[in-house]
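What follows is a single structure, written as structure tokens, with notes after it.
The values are calculated or read from the model by the stated rules, or taken from the named source; none is laboratory data. Here the structure is a predicted model, which is why all the values come from computation and not from measurement. Note: ideal-geometry Cβ built from the backbone for every residue, glycine included; neighbour counts use all protein chains shown.
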Amino acid sequence: MKIYKINIFLKRRYIIMLLMCFLIKGGIIAQQLDKIGKEDPLKLSGGVNVNQVYKNPVYSNDNPYAIVMTGNVNASLYGMSIPVSFTWSNYKWTYTQPFNQFSLSPTYKWVTMHLGWSSMSFSPYSLNGHTFFGAGVELRPSDKWEISAMYGRFQKASAGDSLATVAPAYQRRGYGAKVGYAFDKGEVSVNAFYAFDDTEMKQLNMDSLGILPKENLVLGTHLSLRPWRFIVFNSDICVSSLADDRRIGYAGDLGKGYSKTYLATKNELGVNTSVGSVGFGVEYVAPGYQTLGAYYMVNDFINYTLNMATSLAQGRVNVAATTGLRQNNIDNQSDSDQKDVISQINIGFVPSDKVSFNMSYSNFYNYTYIRTVFDDINADTEYELLDTLSFTQINENINLSANWRFRATEKAKHSLNLSTSMQQATQAQSDVPENTDSRFFNGSAGYSLSLLKSLLTAGLTSNYSRNKNAPGVSETIGPVLFVRKQFFDKKMQTSLSVAWNGTYLDGSNTGKVATFRLSTGYQLKKVHQFNLALSYSDRESISRNSNYFTVNFGYAYRFNWPKENNE
């Protein structure tokens, strides 16, 4: 009964807040009457994209025809900006993310509203970029004050799909606020975020699957100080109270009863000098720390870091590096106790105008979506890669790239490029062991030729991908040949590509894929864009052979009202 009353109270507050915002907007418009007759009262800009996709063959009962519509409109009325965007499709491209979306973000002076699908960030340890459906507001009445608030749904209730290995889920809602104040020597802010699962919408067998309704309250502060021009100090502190089962515990108890409280903090001190910058930082995230306002959170560690950055050789060499010590198993409850020297380094070297090198290395924990270049090469449509929630935790990452424009004249340009990336993975999100102790390697080398007067570019690229994990070593290798040409004063672009790649498991061939793509696009009067793309792929595997043909026709319209010249 207590939780029910709180929810009713919050709903009333939410409605009152929206009504106040609309009243504020009405008052703002009235204050702009002095501009009537001096400028256009209404201005519109934006665009609409319509893409139609036909695939043959398709799986079982899937529709071979799909349509995807996206659009945005920005209305400006006497200085008040009201942007609207939407996305719609008749096809289920992805399971976990809602694809049909809209958002409305009206802005006037220091007031911005977010309605529909939005994302906001209060702190790295609180609300941090998680998409929600609801309302948000950002107020900046002066250079000193900044106020943000939001309310919305973070997760839809789902019965799950055992065949697709998708677990059921409770509906999750949340709200929060942040208040910041800036002064001469820095700024300070406080934030609060609360999220809870709706226990009234029960799903079958959720308790037996270990899926419990959670509740989370996060309180945080941020402080930034600049006592002198060359010294900067930043501090973030957050306390997260989590009830794993809100039916028997309440996050507002702050560690009492059946809820648990965790601490996360990050403190940094930086000094800027004439030759570069140097800084020291400490980051601590308690074991079990979790926030329902972020998709992923690494916990149970403490990092001590020392960082520096400098520029050498008249700007031709740029170096940024961080080193330190990382320790996990802080409460001695884990089976593994690990202390590592952590480091991150980025080096850019430009010995001449024709040659450039870049190198980066990091063994900091981060989440990334593991996808090789062959995923893009072999995909029948771009919409197949929309689901980016299957992230994997990476604890080591190396990237190398080089570019050499070895010959350039007024008629042609020749260039060679080389890039490699190596990643060491640990596990996927939600404590599910996936890609554990996997090593990913991607490499490519290519040559391109640009004929400037004829507006033609051609190239040949060879790609290689290697994944070593518990089942074995899987490899993919193959070339891509492409040609691009522009016509009619660059209004029409045409491209042709041919790709082939073979896949291998422990050295044995497991399949081949050959892909042909032809695309063309034409721009008419700066506001109309027509696109047509054809692709054909022939796929051979141990179990079966298959052919796929895809047609993608798109139209895009851009508008401004009142109209600009040449439209």
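A few notes on this one:
- Contact map, the stretch 75-90: residues that are within 16 Å of residue 560 (Cβ to Cβ) paired with residues that are modelled with pLDDT under 80 and not hydroxyl-bearing (Ser, Thr, Tyr), Cβ distance under 7 Å, separation 6+ or inter-chain. Pairs shown: 75/82; 77/29; 77/41.
- The condition of being closer than 23 Å to residue 119 by Cβ, in contact (Cβ under 8 Å) with a residue 24 or more places away in the chain, assigned to a strand (DSSP E or B) and of a type in the set (A, V, I, L, M) holds for only one of 264, 321, 294, 309, that being 264.
- Among residues of the stretch 343-360 that are closer than 28 Å to residue 306 by Cβ, those with a Cβ under 6 angstrom from a residue that is outside any strand (DSSP E or B) and basic (Lys, Arg), sequence gap 6+ or separate chain, pair up as 350/316.
- Subset tally (residues that are hydrophobic (A, V, I, L, M, F, W, C) and either touching a residue at least 40 places away in the same chain (Cβ under 8 Å) or in contact with a helix residue (DSSP H, G or I) (Cβ under 7 Å, 6 or more places away or on another chain) (or both)) for the stretch 234-255: 4
- Search result, residues across the stretch 502-545 that are among the basic types (Lys, Arg) and surrounded by 14 or more Cβ atoms within 10 Å (Cβ to Cβ): 512, 517, 539
- For the stretch 160-206, the set of residues classified as among the β-branched types (Val, Ile, Thr) and at pLDDT 90 or above consists of 179, 188, 190, listed by residue number.
- So residue 84, is it assigned to a strand (DSSP E or B), closer than 26 Å to residue 151 by Cβ and modelled with pLDDT under 85: yes
- For the stretch 160-199, filtered to residues that are crowded, with 17+ Cβ neighbours inside 10 Å and polar (S, T, N, Q), the residue that is farthest from residue 240 (Cα to Cα) is 171.
- Any hit, the stretch 327-347, residues being hydrophobic (A, V, I, L, M, F, W, C), under 30 Å from residue 151 (Cβ atoms), under 28 Å from the mean Cα position of the chain (by Cα) and part of a strand (DSSP E or B): no
- Whichever residue in the stretch 478-518 is aliphatic (A, V, I, L, M) and free of Cβ contacts under 8 Å to residues at least 60 places away in the same chain and, among such residues, is nearest to residue 447 (Cα to Cα): 481
- In the stretch 313-344, residue nearest to residue 232 (Cα to Cα) [restricted to those that are loosely packed, with under 14 Cβ neighbours inside 10 Å and modelled with pLDDT of 90 or more]: 325
- Hits in the stretch 138-147 (condition: aliphatic (A, V, I, L, M) and under 14 Å from residue 191 (Cα atoms)): 147
- Flag if residue 258 is hydroxyl-bearing (Ser, Thr, Tyr), more than 27 Å from residue 121 (Cα to Cα), out of contact with any helix residue (DSSP H, G or I) (no Cβ under 9 Å at 6 or more places or on another chain) and modelled with pLDDT under 95: yes
- Test: residue 310 is at pLDDT 90 or above, over 30 Å from residue 414 (Cβ atoms) and over 28 Å from the mean Cα position of the chain (by Cα): yes
- The stretch 261-276, residues that are modelled with pLDDT of 95 or more and within 24 Å of residue 363 (Cβ to Cβ): 264, 265, 266, 267, 268, 269, 270
- Only one entry of 271, 285, 278 meets the criterion of being in contact (Cβ under 8 Å) with a residue 24 or more places away in the chain, exposed (fewer than 15 other Cβ atoms within 10 Å of the Cβ) and touching a strand residue (DSSP E or B) at 6+ places or on another chain (Cβ under 9 Å), and that entry is 271.
- Taken together, 151, 170 contain a single residue that is of a type in the set (Phe, Trp, Tyr), under 27 Å from the mean Cα position of the chain (by Cα) and within 23 Å of residue 137 (Cα to Cα), which is 151.
- Note on the stretch 124-159: among residues that are out of contact with any strand residue (DSSP E or B) (no Cβ under 7 Å at 6 or more places or on another chain) and of a type in the set (Gly, Ala, Ser), the one that is surrounded by the most Cβ atoms within 10 Å (Cβ to Cβ) is 159.
- Of the residues making up the stretch 207-263, those that are within 18 Å of residue 193 (Cβ to Cβ) and among the acidic types (Asp, Glu) are 215, 236, 244, 253.
- Selection status of residue 480, over 29 Å from the mean Cα position of the chain (by Cα), β-branched (Val, Ile, Thr) and assigned to a strand (DSSP E or B): no
- Scan of the stretch 59-71 for residues that are surrounded by fewer than 16 Cβ atoms within 10 Å (Cβ to Cβ) and at pLDDT 85 or above, ordered by number: 64, 65, 67, 69
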